[in-house]
1. Tell me the residue from Glu5, Glu38 that is modelled with pLDDT under 95 and either on the phi > 0 side of the Ramachandran plot or touching a helix residue (DSSP H, G or I) at 6+ places or on another chain (Cβ under 8 Å) (or both), please.
2. Please indicate, with yes or no, whether at least one residue in the stretch 48-69 is at pLDDT 80 or above and assigned to a loop (DSSP other than H, G, I, E, B).
3. So Leu48 ticks every box in (1) open to solvent by 80 Å² or more (accessible area, probe 1.4 Å); (2) aliphatic (A, V, I, L, M); (3) free of Cβ contacts under 8 Å to residues at least 12 places away in the same chain but one. Which box is left unticked?
Amino acid sequence: MADVEASVRELVDRDRDCTEKALAQMDLRWKINLLIGEWKAAGGGDVLPDVRDRMRLRSAKKAGNPVRSIARH
């Protein structure tokens, strides 16, 4: 989805027609909303992470795995 969003932004920035890509982006968003609705209907009640949560998790993951230094003999 990020690729589609980037291509829409690029087309808009270059003042090009982005109708096809924008419709594809809207279709992807519709499908995601449909999947979330199905998940909730099936009993899913967890709070889904937003972008900030995902970035925090990514930062914590990197901080938890420091690069090992090579011991010199």
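1. Glu5
2. Yes, some residue in the stretch 48-69 is at pLDDT 80 or above and assigned to a loop (DSSP other than H, G, I, E, B).
3. Condition not satisfied by Leu48: (3).
The values are calculated or read from the model by the stated rules, or taken from the named source; none is laboratory data. Quantities reported herein were computed from a predicted structural model and do not represent experimental measurements. Cβ atoms come from the backbone with ideal geometry, glycine included; neighbour counts cover every protein chain shown. Ligands, DNA and RNA are stripped out before the accessible areas are found, and what is left, the full protein with its side chains, is counted by its heavy atoms. Shrake-Rupley method; radii C 1.70, N 1.55, O 1.52, S 1.80 Å.
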